[in-house]
Amino acid sequence: VPELPEVETVRRMLERHVTGLRIASIAVSGAALRGVVPRGLDARARGRRIEAVRRHGKYLLIDLERGVTVLSHLGMSGRWLFHSRPPADAVPHLHARVRFGNGAELWFQDARRFGTLRAVATARVARDPSLAILGPDPLREPPTGAGLAETARGLRLSVKGFLLDQRRLAGVGNIYASEALHRAGIDPRRRAGALRIEEWEVVAREVVAVLDAAIARMGTTFRAYRTLWGEPGTYGDQLLVYDRAGEPCRRCGTRIRRIVQSQRSTFFCPSCQGGRGAPRPTPAAAIGRKPLSRKASGKA
Ligand SMILES: [Zn+2]
């Protein structure tokens, strides 16, 4: 499922290749995407030039001239594919085909149809029900330890659940929440309200760091996500914990565990992330003694 780095990769490519192009027409399949049928899209977009491509969290905002913005969410499997010379054969699950004045085309493909595509007035974007509920975008407004601690105050929700909540931070999903918490050395099961401010500072820093690192590799592809050119992202081989259950932690060698939190998989290292089985700091008196075997030190 595309998260912030994948959507940002697509945004940067769109910005480079479609800004300034004039939309000649948009043909839509008529099939319902997530709750919204993009009828009327052609009438609102036709003849307008693309002025800017923005992003908030996992939403793409394609600004057209004269106050129209096309709002797009990739959902589970949505893709934007750009063709400077469109191929003769269409692809399956094509829900929108944007034709530009210069002959180039931009296709929106979505096999599972959880994506969103609709036009709104640019002036009303911030008040749009989908966007108005979102928290700050961590790339534009990097979170601070104090800010996260304040937002999390008193919450019984897990820190993993906190990071996934788009109302608190927009754009972090299951992959990068697991990765950021491993980098921060925080147990994903801890209550968000119980983290100390210094711990939130590390989380804030690592959330931004992992998003930046993933963007540098065009994101992570498991199944559906592709860039504008149909290429997969290559951050997958950098993942520290996500989808690595049973494999050794890249830092300490302990086997990565998979648990389920709110019906979603969480991956973490029980040693690095301080849960049960975490190594205790070695007391001075024990230094020089035979180290405990893994078996004797309890479940890993
Ligand atoms: Zn580890």
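The values are calculated or read from the model by the stated rules, or taken from the named source; none is laboratory data. This is a predicted model, so every value here is computed, not measured. Positions of Cβ are generated from backbone atoms using ideal geometry, with glycine treated the same way; all protein chains shown enter the neighbour counts. To get the accessible areas, we keep the full protein, side chains included, count just its heavy atoms, and leave off ligands, DNA and RNA. Shrake-Rupley method; radii C 1.70, N 1.55, O 1.52, S 1.80 Å.
For the reader, a short list of remarks on this structure follows.
- Scanning region 1-36 for residues that are open to solvent by 30 Å² or more (accessible area, probe 1.4 Å) and among the acidic types (Asp, Glu) yields a count of 1.
- Yes/no for Val203 being closer than 20 Å to Glu6 by Cα, within 18 Å of the chain's Cα centre (by Cα) and not hydroxyl-bearing (Ser, Thr, Tyr): no
- Scanning region 151-199 for residues that are in a helix (DSSP H, G or I) and of a type in the set (D, E, K, R) yields Lys160, Glu179, Arg183, Glu198, Glu199.
- Inclusion of Glu206 among residues that are away from the ligand (no atom under 16 Å from the Cβ) and either without any contact (Cβ under 8 Å) to a residue 24 or more places away in the chain or within 26 Å of Leu134 (Cβ to Cβ) (or both) is not warranted.
- Test result for Arg124, open to solvent by 30 Å² or more (accessible area, probe 1.4 Å), at pLDDT 95 or above, among the basic types (Lys, Arg) and over 24 Å from Met13 (Cα atoms): yes
- Positions within region 67-80 being open to solvent by less than 20 Å² (accessible area, probe 1.4 Å) and on the phi < 0 side of the Ramachandran plot, in sequence order: Val68, Thr69, Val70, Leu71, Ser72, Leu74, Ser77, Gly78, Trp80
- Residue in region 172-191 that is farther than 21 Å from Ile259 by Cα and open to solvent by 10 Å² or more (accessible area, probe 1.4 Å) present: no
- Among the residues making up region 233-255, those that are assigned to a loop (DSSP other than H, G, I, E, B) and either more than 8 Å from the ligand (Cβ to nearest atom) or open to solvent by 70 Å² or more (accessible area, probe 1.4 Å) (or both) are Gly233, Leu239, Leu240, Val241, Tyr242, Asp243, Arg244, Ala245, Gly246, Glu247, Arg250, Arg251.
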